[in-house]
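What follows is a set of notes on a single structure, which appears directly below.
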Amino acid sequence: MAILASRATRPVRWRRQLRAACFWLALGLGSAAVARELGESIYYALCIPPLALSVRELIRAFGARAADGLTNALGPDYLVLTEYAPRAGTGVVPVIVVGPSGISAIEPLGEDAAFGCYHDGWHRIAPQGLHHLADSPSRRARENAARVRSDISGGGHIRTSVDAYVLIERGTGEDCASSTVPVVCGVDALAARLRSRTPRVEVSASQVQAVADALTRPLAVAV
């Protein structure tokens, strides 16, 4: 996990992860081609690990790119955490924003596509019809927000709430009004929305850092 706090130290990690995703995808497709030439269905199992790694790196690249943009757009009063691994459950939270207006768990969608949803059921809109997404971005965002809230409470900030958002980075989401969490199109639009929110309480820079520390530092263990 990384903390992105200034423009001067902005990483280009998402580009490296995108290249890694392309590498694993090429390896997976190459394995499939070999299996087809050999005519042995058992060899298709060799495709699964590289394709899974490709998907993982692609998801990480989307999160890292969104974090880069949010760090620039939000300014120094906010901390942007990426690839946060909650203490309970599996998988990482792609992006968390901690700032004067509160704490948010962000689920980014990096595809240049039109999206729609009905509650937690999501689909991609194409000329050929609707392509339903196997995993719901709004459900992931909501569950991740709950996991982050649990970790913050474990760090001593019991009454702190965490909001969930789906960020459509490059595509559109005109048909997402029924989503169970807010859907925002574009990094700048999300940054403006977060900055415009009225803080629940007056929050100082030290309090923002304290909440970030509750997430990034291990829990103390009594002995």
Single unsatisfied condition, Thr71 versus (1) among the β-branched types (Val, Ile, Thr); (2) at pLDDT 85 or above; (3) closer than 28 Å to Ser153 by Cα: (2)
Failed item, numbered, when Gly110 is tested on (1) at pLDDT below 85; (2) open to solvent by 10 Å² or more (accessible area, probe 1.4 Å): (2)
Qualifying positions in segment 177-223 - over 14 Å from Ile103 (Cβ atoms), at pLDDT 75 or above, not β-branched (Val, Ile, Thr) and not in a helix (DSSP H, G or I): Ala177, Ser178, Ser179, Pro182, Cys185, Gly186
Counted residues, segment 146-160 - those being open to solvent by 40 Å² or more (accessible area, probe 1.4 Å) and modelled with pLDDT of 85 or more: 4
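Within segment 118-138, identify whether any single residue is under 19 Å from Thr82 (Cβ atoms) and either among the hydrophobic types (A, V, I, L, M, F, W, C) or at pLDDT below 90 (or both), and answer yes or no.
In the first step, residues of segment 118-138 are kept if they are under 19 Å from Thr82 (Cβ atoms); the result is 137.
Restricting the remaining residues to those that are either among the hydrophobic types (A, V, I, L, M, F, W, C) or at pLDDT below 90 (or both) gives none.
No: segment 118-138 contains no residue that is under 19 Å from Thr82 (Cβ atoms) and either among the hydrophobic types (A, V, I, L, M, F, W, C) or at pLDDT below 90 (or both).
Filter segment 77-103 for residues that are charged (D, E, K, R) and farther than 19 Å from Ser196 by Cβ and give the result. Don't jump to the end; show me each part of the working.
Here is the first cut: in segment 77-103, the residues charged (D, E, K, R) are 77, 83, 87.
Within segment 77-103, Glu83, Arg87 qualify.
Can you name the strands (runs of 3 or more DSSP E) wholly within segment 69-153 that have at least 1 residues being within 30 Å of Gln209 (Cβ to Cβ) and in contact with a Ser or Thr (Cβ under 9 Å, 6 or more places away or on another chain)?
Numbers: elements: 79-84, 93-99, 102-109, 114-118, 121-126, 129-132.
The strands (runs of 3 or more DSSP E) meeting that bar are 79-84, 93-99, 102-109.
The values are calculated or read from the model by the stated rules, or taken from the named source; none is laboratory data. None of the values given here were measured: they were computed from a predicted structure. Every residue, glycine among them, receives a Cβ derived from its backbone with ideal geometry; neighbour counts consider all protein chains shown. The area values use the complete protein model at the heavy-atom level, side chains included, leaving out ligands, DNA and RNA. Shrake-Rupley method; radii C 1.70, N 1.55, O 1.52, S 1.80 Å.
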